[in-house]
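One structure below.
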């Protein structure tokens, strides 16, 4: 950065009064240094000399006065330009909410330097122009997309997209099937008056310690002893190129694009009166950057003029309360009692990958290829695709094996984070209480689940007067939030032995960059449940409704809450919804679920997101 000071515009030490400025007419530099005027010669006669001396004295005083004025003007200009240039440099360099020792900015509003960012190793740069084998035999062109998703897959008779079968590792796509209702336009005369968005971070590298790292380490240890053959021959030259934990480039794009989309959808809700809204994310690097890319898409690169990003500390020890990563404040969610989904998923992938494991093992003599290796290879396909643009691991598996992969993720989420988990409700209930507090216009001043009461008890950090709320979270946390709300539509027990039709499809619920939009809709009269009538309204007073939209598709509230009228549009009257949510904290059994001493039970035993000893005692939603 090139800073100026009063000694000289380029930082060098120069005499006061010197200004080296550009002559715009000639394109040359003009020396504006003040010089003392030359002395005037005087006549020999005393009168003339006296007159001349007097005139010269006055002239000298006048010129000195003028010179002094010029000097101070130049000095002021140098200082002003220096200050201005410094501000410009700071503005260009700091689009984020920088912190300094003297700024007085509270820590929770500081996005730079990053505190509690977590691991941030990056991976190799992609080189898709060289590594992409496309166009494939059945493809005539390469689409304008940074990811190669046209890989031919055995058994894919309907030309379906396996990259939408990667569960929570799927690159974002809108839910293609919906949740059981059609989408309807807003009735004329109604308006959306409020939005609370909850957004997952964008596509990322694998988290530290995940299965793909184990696969890479095993491959590295054995690479000189194994001669891969056939479809696995690429492994003879393959190296692990992935980073860990942070966003990949397409993850930036997902959040930016979502910000643009949300602006088109809800930009009118922003009250552009010079005040800033508070948006919330966590200190983890991918969470902070996801929020910043979204806000840049919504507001533009100067988003800090419109919003203040509040960062809640995210740490694995759970020292700080954080509803956006609620599992860290729920001890039992990180122990074996909540790993029923992992156990069931493992049992399932050993079933559906049996043929693939034999097939691939025959191509890797001396490797001892296991079902876990097959499963990690499937995950490698997902991670390499979003990070590098293409992965040779993808076509190692049939379409049916990719369907099995998706189902394994669904089982895992159901048993670890949703209704088959003893902590399913508890992990998400803190955020539910925050949404209810916003809807009811009250601060949270008493300890409540994972709620950070320090922040949520102050209007400056938990405002109640916004019509737009932007929150950023993680996939499993959002799954638990849906559970804590009581969306029993996703509560069906999924067997670990075979696939069944289901609503809980993680790639439809929690792909990378998933977004849950909670809308309030004000109607001048009650809206008829059936939308095929000539008029959308019935008789009665103005009515306010709540509408849940997950990945651009409506979640019908009547399917989970019988108290809500069955409606074509899936809405529920707000007053009804608030009444049935009033005991959500009680249903979650937060203290017992998170800290109680209870045994692990087989997967499928639990059905309400609370421990077995309490799920029969608490009314369910």
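Results, tabulated for the structure shown:
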| item | result |
| --- | --- |
| Residues that are exposed (fewer than 14 other Cβ atoms within 10 Å of the Cβ), in a loop (DSSP other than H, G, I, E, B) and touching a residue at least 60 places away in the same chain (Cβ under 8 Å), drawn from the range 590-604 | 599, 602 |
| Residue among 611, 536, 556 that is surrounded by 18 or more Cβ atoms within 10 Å (Cβ to Cβ), touching a residue at least 40 places away in the same chain (Cβ under 8 Å) and closer than 30 Å to residue 259 by Cβ | 556 |
| Count of the range 218-239 residues which are surrounded by fewer than 16 Cβ atoms within 10 Å (Cβ to Cβ) and either within 16 Å of residue 378 (Cβ to Cβ) or not assigned by TED's automatic domain parsing to the domain that holds residue 359 (or both) | 2 |
| Meets criteria (touching a helix residue (DSSP H, G or I) at 6+ places or on another chain (Cβ under 9 Å), crowded, with 20+ Cβ neighbours inside 10 Å, not assigned by TED's automatic domain parsing to the domain that holds residue 406 and not in a strand (DSSP E or B)) for residue 215 | no |
| Number of positions in the range 605-616 that are touching a helix residue (DSSP H, G or I) at 6+ places or on another chain (Cβ under 9 Å) and either under 30 Å from residue 545 (Cβ atoms) or in a helix (DSSP H, G or I) (or both) | 6 |
| Residues being farther than 17 Å from residue 394 by Cα, in a loop (DSSP other than H, G, I, E, B) and touching a residue at least 60 places away in the same chain (Cβ under 8 Å) - total across the range 219-233 | 3 |
| Top-ranked residue in the range 272-288 [being in contact with a strand residue (DSSP E or B) (Cβ under 7 Å, 6 or more places away or on another chain) and in a loop (DSSP other than H, G, I, E, B); ranked as nearest to residue 463 (Cα to Cα)] | 276 |
| Check on residue 291, assigned to a helix (DSSP H, G or I), within 21 Å of residue 416 (Cβ to Cβ) and either more than 12 Å from the chain's Cα centre (by Cα) or in contact (Cβ under 8 Å) with a residue 12 or more places away in the chain (or both) | no |
| Complete set of residues in the range 543-553 that are surrounded by fewer than 21 Cβ atoms within 10 Å (Cβ to Cβ) and either out of contact with any strand residue (DSSP E or B) (no Cβ under 6 Å at 6 or more places or on another chain) or in a helix (DSSP H, G or I) (or both) | 552, 553 |
| Enumeration of residues in the range 240-264 that are in a helix (DSSP H, G or I) and free of Cβ contacts under 8 Å to residues at least 60 places away in the same chain | 252, 256, 257, 259, 260, 261, 263, 264 |
| Filter result for residue 457 (under 19 Å from residue 585 (Cβ atoms), assigned by TED's automatic domain parsing to the domain that holds residue 251 and either out of contact with any helix residue (DSSP H, G or I) (no Cβ under 8 Å at 6 or more places or on another chain) or surrounded by 22 or more Cβ atoms within 10 Å (Cβ to Cβ) (or both)) | yes |
| Test: residue 347 is in contact (Cβ under 8 Å) with a residue 24 or more places away in the chain, assigned to a helix (DSSP H, G or I), assigned by TED's automatic domain parsing to the domain that holds residue 204 and more than 29 Å from residue 547 (Cβ to Cβ) | yes |
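The values are calculated or read from the model by the stated rules, or taken from the named source; none is laboratory data. Keep in mind it's a predicted model, so treat the numbers as computed, not measured. Positions of Cβ are backbone-derived with ideal geometry, glycine not excepted, and every protein chain shown enters the neighbour counts.
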